[in-house]
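> Here it is, the structure in full.
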Amino acid sequence: MDTKVDPQDWLYTISPKRKLIDLNFKEIWRYRDLLFLFVKRDIITVYKQTILGPLWFFIQPLFTSVIFTLIFNNLAAIPTGNGVPPFLFNLAGITSWNYFSTCLTGTSNTFKANQGIFGKVYFPRVITPLSVVFSNLLKFGIQLLVFVLFYIYYVFFTDQVVLARPQLAMVLLPCLVLFMGLFGLGFGMLLSSLTTKYRDLTFLVSFGVQLLMYGSAVMYPLSYFKARVPEYAWLVEYNPMTTIIELFRYMTLGIGQFSWANFIYAGVISVVIFLIGLIIFNKTEKTFIDTV
């Protein structure tokens, strides 16, 4: 009796030899139910035993915006431009920054947090960091809704300022959100791969993200920084997240100027960082179990 199996009958082959850039969308789609379960886990379990639960999605950006307004706008007298209320200015920056930072920190410990699962069963490993990006997309949507509600409040229920209007470039907002996700995902996969050998990076991530926030024009306009500290302005100006945050503010509040060069720059850097992170992630997943 011939028991030989035709290779054409195999669903897929698990092999240590893989392409340099390997993102098998067909295989990821086949495991879409697992991706959904991971997304559900990330959303529910984090706030399952908390008193306020999902209200933290609202509390964190609102309280941070209030603190930034008191310190940077009231005490330090940093202007916002175009008659935009400082609170709304800061809320726009925090909303866009939070999506990137949560994607970065959530994917930066992928191998360490999931070593028990990775060592027992096969599935596309990239699904795990992807689930973090998708679950944080829901949080970003909630915080974006909060931003829109406050914008409506300032327009219709206050007469203190004349708000700048959202720009036509807002149609490109989904692309900007994609840039944030790719940049955070790629950077996170890169750090996750490095932390399997260098544990010190685990302690550096949260500290580094806080420092990076101050260098990303979250609480001040780029034009103000260039005017006050021109010799160091390039450090902030060439930060991709600065470009993304400035574009987000322009699209939603009409602050600053839109530049196709900046838009393309943010997109190219995000894709490049994502591809570098994916290459190193795929290389690390073959041997990480021996080092984690």
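The values are calculated or read from the model by the stated rules, or taken from the named source; none is laboratory data. All values derive from a computational prediction rather than experimental measurement. All accessible areas refer to the heavy atoms of the entire protein, side chains included, with ligands and DNA or RNA removed. Shrake-Rupley method; radii C 1.70, N 1.55, O 1.52, S 1.80 Å.
> Relative contact order (percent) for the range 53-104, with alpha-carbon contacts under 8 angstrom and 6 or more residues of separation?
Once divided by the residue count of the range 53-104, the mean separation gives 39 percent.
> How large is the accessible surface per residue of the range 65-162, computed with a 1.4 Å probe and reported in Å² as a whole number?
43
> Once all Cα-Cα distances of the range 75-177 are split into 5 Å bins that start at 0, what whole-number percent is in each one?
Computed distribution, short to long bins: 2, 10, 16, 17, 15, 11, 9, 7, 5, 4, 3, 1, 0.
> Using the Cα atoms as the points, what is the convex hull volume per residue of the range 51-92 in Å³?
Expressed per residue, the convex hull around the Cα atoms of the range 51-92 is 53 Å³.
> Heavy atoms only, probe 1.4 angstrom, no DNA, RNA or ligands counted: give me Cys175, Cys103 ranked by accessible area, highest first.
Output order, biggest surface exposure first: Cys175, Cys103.
> How many percent of the accessible area of the range 69-210 is carbon or sulfur, using a 1.4 Å probe?
Carbon plus sulfur share of accessible area: 69 percent.
> Quick one: Debye curve from the C-alpha atoms of the range 165-292, no solvent, what's log10 I(q)/I(0) at q = 0.11, 0.13, 0.16 Å⁻¹?
For the range 165-292 at q = 0.11, 0.13, 0.16 Å⁻¹, log10 I(q)/I(0) is -0.46, -0.62, -0.86.
> Tell me, rounded to the nearest percent, the portion of alpha carbon pairs in the range 119-229 spaced more than 18 Å apart.
Tail fraction, whole percent: 71.
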